[in-house]
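These notes concern the structure reproduced below.
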Amino acid sequence: MKKYFVLTLLFIICATSINAQNYRICGTNHMMKIASENEPNLLGLSELLRFQSDSILNSSTFEKNDEIYTIPVVVHVMHTGGSSNISIDQINDAMRIINEDYKKMNSDTSDVNVSFQSIIANTGVQFKLAQLDPEGNCTQGITRTFSTLTNEAGENVKDIIKWDPSMYLNIWVVSDIESGAGGYSFLPGSAPNDDGNAGIVILASQFGSIGASGGGNFSSRSLTHEIGHYLGLDHTWGSTNENYLEENCDFDDGISDTPNTIGSNQNCNTNQNTCGSLDNVHNFMDYSSCAKMYSEGQKSRMRSVLQTGQSWQAAPRNNLHTQENLIATGTDENFVVSACTPITEFKVNYTFGCVGDAFNFESQIYNTIIDESISYQWSFEGITSLSSSDENPSIIFTEPGLYSVTLTASNDAGSSSLTKSGYISVSDESLNMQYPYFQNFEVNSFPLFEDNPNANWTLFPTIDVSWNRTLLASSPNFTAIDNGLNSASFRIRSADFSQDGEKHVIVTPSIDLSNTSPPLRAYFDLAYARKNGNSLDNLVIYASDNCGRTWTKRFDKDTDQLSTNGGGNNFFDFIPNDSQWSEFNVNLNGFVGQPSVSLKFEFSGMQGNWLYIDNLVISETDQLSLEDEGISMINIYPNPSKGSAKIEFESKNINNVQIKIRNIYGAIIGEKLYKSKVGKNNLMLDEMFPSLNAGIYFVALKQKNIERTLKIILTE
């Protein structure tokens, strides 16, 4: 019998774990506080529904029927590709498990303690994937949405996709939950938006027993447990936040045939007696590792909830199983299942690669039966056009450039197409930019160079709110000349992203580092300010020596590490002044001697301000040992210059010094051999290289395979 009952005010967040050692506790207190602050009326609404449920339970006519309650289900797979985009087999497996558990068809009921065998309940509740969506279209009851929010999920994923909660039990399958839980659900009437956010958020690793699931009792029964909350059940120890606390004996779940307990400590002690009677550790609403049953009392509570609902309630449970709703969702017994129009999706083994590489594409169409009746038509549009009618083609591109990919999938029900613009980037390792490499974003057409396509940078995704060139700011470390215009930089802002955590990428062209030696670094100027305390931005830089098939992380900075304005908030658009730029660098020693190296700048975040990048230079470091060879104090001035710049250095000995000048693309346009004298040496640039036009150049001094490079701007 219960001692006294405490109503759960808002909702329960239930975390389960793949194994007992990694079990994560509930986050109810934190979430209750947020919900109650936002919607104080939730307490009264939840109490009203509980009172209605109690009235039905205590009525003389309750449970006089043997009706099977069918609940239409839609599973929203929130993913970023790969294993997070779980298979239909895993979804079907999860559906099998909950139907067996709720109808007492699970084979492990025979393991339940003999003291509770007589009250193992067949709840008379079953679950079916919807066959019609809210608009009446054919569906398999599964949606798939690409979103980085799957990695920090909560109520945010419900803002992206949700079907009418009065018609469907919405289940969002995610990669990680922000609170640290394994899954959570709202009790009836306690969800935000007048119960409109009712449903279950659950980890892919705790959904079903196959695929991405961790398997075992915790993972395979997590959904069973969460649906219990959705249908009005508390934990067996009551509505307190934590299990296995002595004071839990003073609370109860309001169910007469579930003994008082403090809860299990993630184990399976079938002799456990924590509140003066034998605990039922096999109950699905406990935290034991051997959950196998619902009790008759819990069955009554859930069935009474399925008969309750209020006019204000966006998700009345009593509407789910009505004949009208079953017909509307395609889950009634007479509905004839047929093939639906396929929804197109696809992936590839890598999106960057070299000419001659095999790009292996894989169709991931869904919403229909995958069989031989489906036809596939692929097109690959770029410098050349290719096509294929294979389900999973392997494509070899013979020309470098960007390629858009389209897949059209068709069956007797219809067809659908998906195009991913600029999806594939193909490089030619023989067409690389020369070392040293410099980019200051001054060309108006950046990231494209009409006169030299090999210099093009690649943006992904190719949308307007990604990386963009700006004339509003540039680093004072380099004064650029662009036909009288202000100098430029490249920038991005996470506050513009359509989803928090989006990743936006820009990739340099391939650069020939064959003739380099350590220490080798990429230098760039950066300016950034966070917008507010919620800004969570991140810049990661990778390097690749195989056209981007694989990437090695070389730089990783978060909001605080990127800030160059002193760390304060900047609520308005951040436009840096000269003092708000800092130089950062990336160690590239691991890529010395490689003939084709690219850098990838990956920016992600949320609610952040502008981040600017300028003056990317790949060169050997200032600590080169030319001084060890007797050459020091290297300088070039004035800079900028009208052509009469002076190259100055000091030499301890008489040395043969090779002097090269390269253009902005790295091509050598002049070369001289100079025999230095002891002491200060002065050379006039216009005398050594008299035919230089206005522009940006690199002057390199080299001796015994050790090189030092300086940049110079020549004006009209």
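Only the coordinates and a few stated rules stand behind these numbers; no lab work does. Please read these numbers as outputs of a predicted model, since none were measured by experiment. Note that each Cβ is placed from the backbone with ideal geometry, even for glycine, and that neighbours are counted across all protein chains shown.
What to note about this one:
- Ordering Leu472, Leu169, Leu459 from the fewest to the most neighbouring beta carbons within 10 Å gives Leu472, Leu459, Leu169.
- Residue-span extension gain [Asp66 to Ser498] - 0.36 nm each, minus C-alpha spacing: 150.7 nm
- Exposure proxy ranking, count of Cβ atoms within 10 Å, fewest first, for Glu39, Glu687: Glu687, Glu39
- Sparse-neighbour loop sites [GluC sites (Glu not before Pro); segment 290-337; at most 11 other C-beta within 10 Å; DSSP]: Glu333
- Between Gln307 and Leu448, residue separation times 0.36 nm minus the direct Cα-Cα distance comes to 44.4 nm.
- Relative contact order of the chain, defined on C-alpha pairs under 8 angstrom at six or more residues apart (%): 10 percent
- Charge dipole (Cα centre; +1 on Lys/Arg Cβ, -1 on Asp/Glu Cβ; no other charges) of the chain amounts to roughly 1660 debye.
- Estimated from helical segments only, the mean residue ellipticity of the chain at 222 nm is -3500 deg cm²/dmol, where each DSSP H run of four or more residues counts as -39500 (n - 2.57).
- Among residues other than Ser644 with Cβ under 12 Å from its Cβ, the summed charge is 0 (Lys and Arg +1, Asp and Glu -1).
- Chymotrypsin sites (Phe, Trp or Tyr not before Pro), loop per DSSP, at most 11 other Cβ atoms within 10 Å - longest free stretch of the chain: 5-570
- Counted charge near Ser535, where neighbours are those whose Cβ lies closer than 12 Å (Asp, Glu -1; Lys, Arg +1): -1
- In plain terms, the residue of Val540, Val157, Val74, Val173 with the fewest other Cβ atoms within 10 Å comes first and the most crowded comes last, giving Val540, Val157, Val74, Val173.
- Length gained when the stretch Asn693-Asp108 is fully extended (0.36 nm per residue, less Cα-Cα span): 202.2 nm
- Aspartates and glutamates whose Cα lies under 13 Å from that of Lys104, excluding same-chain neighbours fewer than 8 positions away: Glu296
- Answer label for Rg and Dmax of the Cα atoms in Å (calculated), chosen among (1) 32.8, 112; (2) 27.2, 89; (3) 26.0, 86: (1)
- Charge tally around Leu231: other residues with Cβ under 9 Å, Lys/Arg +1 each, Asp/Glu -1 each, net +3.
- Semi-axes of the equivalent ellipsoid for segment 346-427, computed as √(5λ) from the eigenvalues of its C-alpha gyration tensor and ordered from largest down, come to 24, 11, 10 Å.
- Qualifying lysines (Cα of each under 30 Å from Cα of Lys660; at least 8 residues distant if same chain): Lys600, Lys642, Lys646, Lys652, Lys672, Lys675, Lys677, Lys680, Lys702, Lys704, Lys711
- Only helices reaching 20 angstrom along their own axis (Cα) with mean Kyte-Doolittle hydropathy no lower than 1.6 count here, and not one DSSP H run of the chain does.
- Set of aspartates and glutamates with alpha-carbon distance to Lys128 below 12 Å, sequence-local pairs under 8 removed: Asp332, Glu333
- Extending 7 Å from the Cα toward the beta-carbon at both Ile669 and Ala358 defines two label points whose distance is 4.5 nm.
- Zero-based 5 Å bins, Cα pair distances in segment 437-620, whole percents: 1, 8, 17, 20, 21, 17, 10, 4, 1, 0
- Model label points for Ser389 and Ser415, set 7 angstrom from Cα along the Cα-to-Cβ axis, are 1.1 nm apart.
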